[in-house]
Every structure is written in structure tokens, then in C-alpha cells.
Amino acid sequence: MAGIELIDIHKTYRVDNREIPVLNGINLSLPAGRITVILGQSGCGKTTLLRLTGGLETADSGEIRWESAHKTAFVFQEPRLMPWLTVWENVVFGLSKKETDPGKIEAVIRTVGLSGFEKAYPAKAWEQPRLLHFSLKKQLMYLLLLYIAI
């Protein structure tokens with residue numbers, strides 16, 4: 001079986017009393033342990049497809065099957081960080097104490113090149129004395145994804 005298998009997926013959104021079909025009969029097998037790229041024009045349903053496979057939305061009809069031990073992680077197009085939390089706090093946010101391994105967190109911070117920024121805030125330059133530049137914010141997003149994936 002694939003890592004994720006989509007069978008006859010349909011999804012429609014309702015906007016101003018109009019139904020707008022976004023996905024119509026999608027069948028797709030995504031292999032486990034591989035990186036899959038989804039390309040398409042703006043508005044073609046790429047994000048909807050990702051939200052469905054990640055369990056953030058449900059399809060109107062069809063079936064989504066995951067391998068038994070599946071994990072889903074997202075890197076959004078723009079950084080989705082909590083600006084009032086430090087790099088470290090953003091990484092551990094939402095983790096249970098059992099999942100919080102300081103050694104592992106330090107290792108992934110080092111891996112994405114953010115050592116020394118553990119106490120930095122991902123805020124705008126004029127708002128915080130110790131901030132992260134936009135490119136470092138993207139690195140932090142990759143760090144969050146890496147920590148979830150490990």
C-alpha cells in the first residue's frame with residue numbers, strides 16, 4: 001500500500017450560496033518514505049488536497065487511507081510562527097512533556113543553522129530587540145517540520 005492513498009475524492013466549497021467544486025474524483029497514491037511535489041495553477045485545489053491528506057479537512061466523498069504509523073507535517077508558504085514565543089518555545093509548542101527532548105531539539109536547531117537563536121523572537125525588527133530575519137523564520141519552519149518528522 002502507498003503511504004497515503006486517495007480514492008475518488010470529491011470536495012466542494014460553498015461561497016455566497018454557490019457550490020464551487022474544487023476536487024472532482026481524485027485518485028492518487030503517494031509512496032511512503034518519498035517526497036511528493038504537487039504542482040498546479042493557483043486555485044486548482046493543491047492546498048485543499050494537502051489539508052485533506054493532513055486531516056485538517058474532510059472530503060465530501062471518497063476515501064483517504066494512510067499507513068498505520070503515518071505522521072503529517074506542513075511547511076506553509078509564509079512563516080506561521082507565534083511572534084511572542086522564542087525559537088525554542090515555537091519548537092516545543094504543542095508537544096507533550098514526554099515528546100520534549102532537549103537534546104533532540106538542540107540537534108534540529110543546529111541542523112537548520114539556528115544555534116544561538118534559541119531565545120530569539122520571530123518578530124519584526126522594529127518590535128523586538130532580538131529578532132529573526134525572514135530567511136531565519138523559514139529555517140525555523142523547516143526545523144518544526146524536521147522535529148515532527150524525526
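The values are calculated or read from the model by the stated rules, or taken from the named source; none is laboratory data. Treat the numbers as computed from the prediction; the structure is a model and nothing was measured. Cβ atoms come from the backbone with ideal geometry, glycine included; neighbour counts cover every protein chain shown.
Against the numbered list (1) in a loop (DSSP other than H, G, I, E, B); (2) hydroxyl-bearing (Ser, Thr, Tyr); (3) more than 18 Å from the chain's Cα centre (by Cα), Tyr13 comes up short only at (1). Within the range 40-59, the residues that satisfy the criterion of being within 14 Å of His70 (Cβ to Cβ) and in contact with a strand residue (DSSP E or B) (Cβ under 7 Å, 6 or more places away or on another chain) are Leu52, Thr53.
Would you mind stating whether Thr86 is within 18 Å of the chain's Cα centre (by Cα) and not hydrophobic (A, V, I, L, M, F, W, C)? Give the steps one after another, and end with the answer.
Numbers: within 18 Å of the chain's Cα centre (by Cα): no; not hydrophobic (A, V, I, L, M, F, W, C): yes.
For Thr86, the condition - within 18 Å of the chain's Cα centre (by Cα) and not hydrophobic (A, V, I, L, M, F, W, C) - is not met.
Table: residues versus (1) outside any loop (DSSP other than H, G, I, E, B); (2) of a type in the set (Phe, Trp, Tyr); (3) under 16 Å from Ile64 (Cβ atoms); (4) at pLDDT below 90.
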| residue | (1), (2), (3), (4) |
| --- | --- |
| Leu6 | yes, no, yes, no |
| Pro21 | yes, no, no, no |
| Ala32 | no, no, yes, yes |
| Ile38 | no, no, yes, yes |
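Being assigned to a loop (DSSP other than H, G, I, E, B), closer than 27 Å to Ile109 by Cα and in contact with a His (Cβ under 9 Å, 6 or more places away or on another chain) is not true of Ala69.
Among the residues in the range 91-110, are any at pLDDT 80 or above, polar (S, T, N, Q) and not in a loop (DSSP other than H, G, I, E, B)? Scanning the range 91-110, I find no residue that is at pLDDT 80 or above, polar (S, T, N, Q) and not in a loop (DSSP other than H, G, I, E, B), so the answer is no.
From Glu99, Glu5, Glu57, Glu19, grab the single residue that is among the acidic types (Asp, Glu) and closer than 28 Å to Tyr121 by Cβ. Full working, then the answer.
Details: Glu5 fails: closer than 28 Å to Tyr121 by Cβ; Glu57 fails: closer than 28 Å to Tyr121 by Cβ; Glu19 fails: closer than 28 Å to Tyr121 by Cβ.
Being among the acidic types (Asp, Glu) and closer than 28 Å to Tyr121 by Cβ holds for just one of Glu99, Glu5, Glu57, Glu19, which is Glu99.
Kindly establish whether Leu140 is buried (at least 16 other Cβ atoms within 10 Å of the Cβ), assigned to a helix (DSSP H, G or I) and modelled with pLDDT under 60.
Values: buried (at least 16 other Cβ atoms within 10 Å of the Cβ): yes; assigned to a helix (DSSP H, G or I): yes; modelled with pLDDT under 60: no.
No: the conditions fail for Leu140.
From the list Glu63, Glu78, Glu57, the one residue that fits, being surrounded by fewer than 11 Cβ atoms within 10 Å (Cβ to Cβ), under 26 Å from Leu30 (Cβ atoms) and at pLDDT 85 or above, is Glu63. For the range 39-75, a residue qualifies if it is free of Cβ contacts under 8 Å to residues at least 40 places away in the same chain, among the β-branched types (Val, Ile, Thr) and more than 15 Å from Glu5 (Cβ to Cβ), and the qualifying residues are Thr47, Thr48, Thr58.
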